[in-house]
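Data first, discussion second: the structure below is written as structure tokens.
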Amino acid sequence: MAEREPIGVVGVGWVGLVTAACFAELGHRVHAVDIDAAKVEALRAGRPTIHEPGLDDLVERNRERLAFTTEIGEALDAARLLFCCVDTPPTHSGDADLSRVRAVVDRFRGDGGHALVMKSTVPAGTGAAIRRDVEGIAYVSCPEFLKEGSAIEDFMHPDRVVVGGDPGDGWASDAVAELYAPLGGEIVRTDVASAEMVKLASNAFLATKISFINEIANVCEEVGADVTEVARGMGLDERIGSSFLRAGIGYGGSCFPKDVSALKQLAGNTGYHFQLLTAVIEVNELQKRRVIGKLKEHLGPLAGKRVALLGLAFKPDTDDMREASSLVLAARLQGEGAIVAGYDPVARGRAADLLPGVELCGSAAEALEGAHAAILVTEWPEFAELDWAGVREAMAGPLIVDGRNFLDPRKVSAAGLVYEGIGRSEARAGAAVEAAQRGG
Ligand code: UGA
């Protein structure tokens, strides 16, 4: 096998660690840098600090090619391409906080021999600003599109790889395009600003799809339709597509909330009012809160009522709690005086600090014991397999709110429980499942 280009990765969070492990799997020697010494220590010992399917094995299998360090200089000595994967959290104003990116740039040698490859999600214009500030820096924008929970699969089988470079840095964008060539996805070569915009626009569009279908769900509730049927009927039109049309209690995570607000701010900073995104954000916020209304309709005042949250992570197959709907729900329920119990198969450790006053349980059964109502917040597969007759017996009341339209409503109601989905009533949901089965 020809010698593969060694690479450096700065910031070993989700994107950085997956990038490092996957490039190592492809045969590259990877020098991965993080300022968090404890994290680096854990990774050196072969213990990834995040839950991502397949990642432990990948790190273990490629230990020889993966070097973890706190010294950025080691990566710069060994590699000419340095992937910047540090996080860009939102500031109070909604803009992206670029201080960590700036800290990486400050350590960078603008010697013409190194290129900074930006994977962190940054506002359009960041690349141009960095090139202005650091003389001689070679800069490539290579935004990341992986999803938590299927990050390795997404990396290894990309729909597309976007490589943005400006004239003068041709060698660097050629080198980055070459790294990804074996993966087979279409390589989209653009200028830096367009590559930055592809990332922001893609996340904003997906978030828009979710808020759109959530509004349709809310209308379905009024007109007696079932949103899962509506989404199925819409999604078969290939101009629309079926993905990201799952109605529920809103999107969360480290990306959509932050990136949608960052794009809105970016537009606002130029004097352009991005009205559509303002609505997308507002719909998402209200969607989480609507669940409280559903509970009150059934239970009356929530003071003293025990409510179980099934799932706490922002989506299944991750322990990531950033911007998870569970955080808003727990706070709102506690605000109404309810007693909140929560269970998540993997996010319990992370949840402890984030959900003060919530009783964190070791199993779904424990959370459901004595509950007047349960809300399915995260669609972990184990919740579909619950023994609903046993659940009915253990609960003090019969209400199950399926915040992800994930459960089989017939199974839930056959056990004597009351099923409430999002944009579908118990009866309509049952009929819809039957119709779908008839249609094969
Ligand atoms: C998202 C994008 O999907 C990735 O392409 C992108 O790389 C990533 O952000 C990023 O910018 O780093 P991620 O946040 O991991 O990935 O998760 P998604 O699977 O996109 O889900 C985001 C949220 O939307 C979750 O809370 C999920 O429950 C919700 N969602 C998703 C819906 O409510 N309905 C849907 O139909 C799909």
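Points to keep in mind about this one:
- Counted over all Cα-Cα pairs of segment 1-125, pairs farther apart than 23 Å make up 29 percent.
- For the chain, a simple Cβ point-charge model (Lys and Arg +1, Asp and Glu -1, everything else neutral) yields a dipole of about 720 debye relative to the Cα centre.
- Highest-MSF residue in the chain out of Ile249, Ile210, Ile35 [GNM, Cα springs under 10 Å]: Ile35
- Förster radius 30 Å - calculated FRET efficiency between Tyr272 and Val188 (Cβ-Cβ, nearest 0.05): 0.75
- Loop-located GluC sites (Glu not before Pro) across segment 108-167 with a Cβ neighbour count of 12 or fewer within 10 Å are Glu135, with loop assigned by DSSP.
- Kirkwood Rh and Cα Rg combined as Rg over Rh, evaluated for segment 292-342: 1.01
- Once the Cβ-Cβ distance of Glu393 and Glu222 is raised to the sixth power relative to R0 = 45 Å, the FRET efficiency obtained is 0.85.
- Loop trypsin sites (Lys or Arg not before Pro), segment 117-221, which have at most 16 other Cβ atoms in a 10 Å radius of their Cβ (DSSP): Lys147
- In segment 183-280, chymotrypsin sites (Phe, Trp or Tyr not before Pro) in a DSSP loop with at most 13 other beta-carbon atoms within 10 Å: Tyr272
- For Leu399, the amide hydrogen comes within under 5 Å of the amide hydrogens of Ala374, Val418, counting only partners 5 or more places away or on other chains and with H modelled in the peptide plane.
- Residue with peak Gaussian network fluctuation, the chain [Cα springs, cutoff 10 Å], from Asp87, Asp133, Asp320: Asp133
- Average Cα contact separation per residue, segment 10-141, under 8 Å, 6 or more apart, as relative contact order %: 23 percent
- 37 °C / 0.692 mPa s Stokes-Einstein diffusion coefficient of segment 80-158, Kirkwood radius on C-alpha pairs, µm²/s: 242 µm²/s
- Cα gyration tensor shape for segment 68-124, rounded if a/c is under 1.5, else prolate or oblate: prolate
- Remark on Leu309: its backbone amide H falls under 5 Å from those of Ala341, Gly342, Tyr343, Ile375, a criterion applied only to residues 5 or more positions apart or on other chains, H modelled at 1.01 Å from N.
- Using the Cβ of Leu277 as centre and a radius below 12 Å, the other residues enclosed give a net charge of -1, where K and R count +1 and D and E count -1.
- Each Cα pair under 8 Å and six or more residues apart adds its separation to the average, and for the chain the resulting relative contact order is 11 percent.
- P(r) tail, segment 228-336: Cα-Cα pairs separated by more than 22 Å, 48% of all pairs.
- Eigenvalues of the alpha-carbon gyration tensor of the chain, scaled by 5 and square-rooted, set the equivalent ellipsoid semi-axes at 42, 24, 20 angstrom, largest first.
Read-outs throughout are calculated quantities, based only on the coordinates presented, and are distinct from any laboratory measurement. Because the structure is predicted, anything quoted here is derived from the model rather than measured. Virtual Cβ from ideal backbone geometry, glycine too; neighbours counted across all protein chains shown.
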